[in-house]
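Step one of this worksheet: look at the structure below.
The values are calculated or read from the model by the stated rules, or taken from the named source; none is laboratory data. It should be emphasised that the depicted structure is a prediction, and the values quoted were computed from it without experimental measurement. So basically every Cβ, Gly included, is an ideal-geometry build from the backbone, and we count neighbours across all protein chains shown. Just so you know, the surface numbers come from the protein's heavy atoms only, side chains and all, with ligands and any DNA or RNA stripped out. Shrake-Rupley method; radii C 1.70, N 1.55, O 1.52, S 1.80 Å.
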Amino acid sequence: MVNFLIFGPPGSGKGTQSVKLAEKFNLTHLSTGDMLRAEIAAGTQLGIKMSSIMSKGELVPDEVVIEMIAAKIDSSKDCAGFLFDGFPRTVAQTVALEKMLNDRGMKINSMLVLDVEHDELVKRLVLRAEQSGRPDDKDPVVIKNRIDVYKAKTEPIIDYCRKRGIYQPINGMGTIEDIFGRLSRNMKKYL
Ligand code: AP5
Ligand code: MG
């Protein structure tokens, strides 16, 4: 199994690219944001509890997402590996993921970080709010907070992974197809 992290700030294209990459390389796409939104849509107790945190653009507790990911790893077997999208988001989540993978004879093989200019991130999220309407895209204050939270709590993972030699910066500006090509060329080296 070959395991990738797709990384980057809100609006950098993690979800868009993950769907295409998972299909191309037979990877299981695991997005904690999508899993949490599914809990909210299903009206579960967990969803109800997490929705107020998510609507402010804050992170949900580490234990919640670590448990979700552990359950998915154990139930997904027929794939070439995992593509983690929006997880890990704190250094503590990264340590937990490494342990989870190590315990199962796996590791994080590569971390692909989408670099996108700040104004482009905001532009994409504002546009999506008009089109599909994710609640956390609707308020510019929440968009700003998500980007601030990324910088404060999530970006430190880059340094952690750089020390492990798995950090791969990818230019995340341009068309979806151009970026897909850059990511694909990079991932092919491992598959
Ligand atoms: P999550 O769902 O992970 O959201 P996010 O990180 O804020 O990122 P987005 O999904 O908004 O952006 P993306 O990078 O996937 O870009 P996308 O492809 O959608 O998390 C949501 C919340 O859940 C968090 O705030 C937190 O509360 C909670 N949460 C989730 N995981 C957690 C964790 N591990 N720990 C704690 N809390 C957690 O693209 C964005 C838009 O741009 C789309 O409309 C797309 O069509 C468009 N677009 C994409 N690429 C391009 C391009 N090249 N050109 C033009 N438009 C483009
Ligand atoms: Mg996403």
What is region 42-138's relative contact order, in percent, from Cα pairs under 8 angstrom and six or more apart in sequence?
25
Go through Asp159, Asp103 and list them by solvent-accessible area, largest first, probe radius 1.4 Å.
Asp103, Asp159
FRET E, pair Ser55, Glu23, Förster distance 45 Å, beta-carbon r, rounded to 0.05
0.90
D_trans [Stokes-Einstein, Kirkwood Rh over alpha-carbon pairs] for the chain, 10 °C, 1.306 mPa s, µm² s⁻¹
94
Note: Arg164 to Ala38 extended length (0.36 nm per residue) minus current alpha-carbon separation gives 42.1 nm
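Taking a ≥ b ≥ c as the square roots of the eigenvalues of the Cα gyration tensor of region 124-191, is the shape rounded (a/c under 1.5), prolate (a/b larger than b/c) or oblate?
Working: a/c = 3.43, a/b = 1.40, b/c = 2.46.
Because a/c hits 1.5 or more and a/b fails to exceed b/c, region 124-191 counts as oblate.
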Stretchable slack from Lys72 to Met173, in nm (0.36 nm times residue separation minus alpha-carbon distance):
33.3 nm
Once neighbouring chains are kept in place and the probe is 1.4 Å, which whole percent of the accessible area of the chain is contributed by carbon and sulfur?
54
For the chain, what does the relative contact order come out to in percent, with C-alpha contacts under 8 Å and a separation of six or more?
34
Between region 88-114 and region 129-186, what's the alpha-carbon centroid distance in Å?
17
Rounded to the nearest 500, what is the 222 nm mean residue ellipticity of the chain from helices alone, with -39500 (n - 2.57) per DSSP H run of 4+ residues and division by all residues?
-17500 deg cm²/dmol
Keeping every protein chain present and rolling a 1.4 Å probe, give me the accessible area per residue for region 141-188 in Å².
55
Specify the residue with the greatest mean-square fluctuation among Gln17, Gln131, Gln93, computed from a Gaussian network of the chain linking alpha-carbon atoms under 10 Å apart.
Gln131
